[in-house]
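Have a look at the structure below before the remarks.
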Amino acid sequence: MTVENHRQSRREFLRAMLLATPAVALVPGVIQASAPRIAPVTDLRFLTEAMAVRRRHEWTSIKPNPRRLRAASPNLYTRITLHHTGTDVITATSEPAVIRCLDGVLGGHLNRNFGDIGYHFLIDYAGRVWEGRSLAYWGAHVSGENEQNIGIVLLGNYERQRPSNPQLNTMTHLVHVLRHRYGVRRGRIYGHIDLGRTLCPGKYLYPGVQRLNELA
Ligand SMILES: [Zn+2]
């Protein structure tokens, strides 16, 4: 349940290009004609030293399209929003089955002309974390509220299923590490439903999201 805001200023476009292709970014005509579309790699050591994270390149070979992405202000995430994918019930735990789910989310977002998958992180039923959109870009997961907002989605439909304990433990751990990295204050951990007209992240997940604000 996501909305991309595509309207970009030229300055934002150039900033995205600078991140993607530092050597030639000052020549926009050249970039548009021939530059490879390489995603900027955000240094996730703060996260990978704390927990296992499957990086984006480990599950997909599809490159993001920086022209459709907005560069994030470095280290300026002030809130975190939790989602569910909200269609099928998903209890798959094998990596190939999970990757098919991830491919489905990415494909759906690309079909809507997003520059990449809308969420920064995805959590599967087994409790693994998968990197989605680079934190170098604002996400595309809450209409009009994507700036400074890290998007995390749990695969599944939590109107119809309950999250697994590994998922909840991982969600808690991931949010803990991210909020301390960026200084996200108590009360700034949201369910999508707090910011938009939606049932997301579902009635069985939302109470767990609310409890995250009680954990400082
Ligand atoms: Zn949502």
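The values are calculated or read from the model by the stated rules, or taken from the named source; none is laboratory data. Small disclaimer: the values here were computed from a predicted structure and weren't measured. Counting neighbours? That spans all protein chains shown, and the Cβs are built from the backbone with ideal geometry, glycine included.
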**OP:** Would you please list the contacts, defined by Cβ atoms under 6 Å and residues six or more apart or on different chains, that run from a residue in segment 190-213 that is more than 9 Å from the ligand (Cβ to nearest atom) to a residue that is in a helix (DSSP H, G or I)?
**Re:** GLY208/LEU168; LEU212/VAL175
**OP:** Could you please find all residues in segment 162-189 being within 15 Å of the ligand (Cβ to nearest atom) and in a loop (DSSP other than H, G, I, E, B)?
**Re:** PRO163
**OP:** Looking at (1) of a type in the set (S, T, N, Q); (2) modelled with pLDDT under 95; (3) within 19 Å of LEU135 (Cβ to Cβ); (4) touching a helix residue (DSSP H, G or I) at 6+ places or on another chain (Cβ under 9 Å), find the lone condition where ASN5 falls short.
**Re:** (4)
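Residue-by-condition table, conditions (1) surrounded by fewer than 24 Cβ atoms within 10 Å (Cβ to Cβ); (2) within 14 Å of the ligand (Cβ to nearest atom):
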{"position": "TYR77", "(1), (2)": "yes, no"}
{"position": "THR87", "(1), (2)": "yes, yes"}
{"position": "ILE90", "(1), (2)": "yes, no"}
{"position": "ARG100", "(1), (2)": "yes, no"}
{"position": "ILE117", "(1), (2)": "no, yes"}
{"position": "ARG128", "(1), (2)": "yes, no"}
{"position": "ALA140", "(1), (2)": "no, yes"}
{"position": "ASN157", "(1), (2)": "yes, yes"}
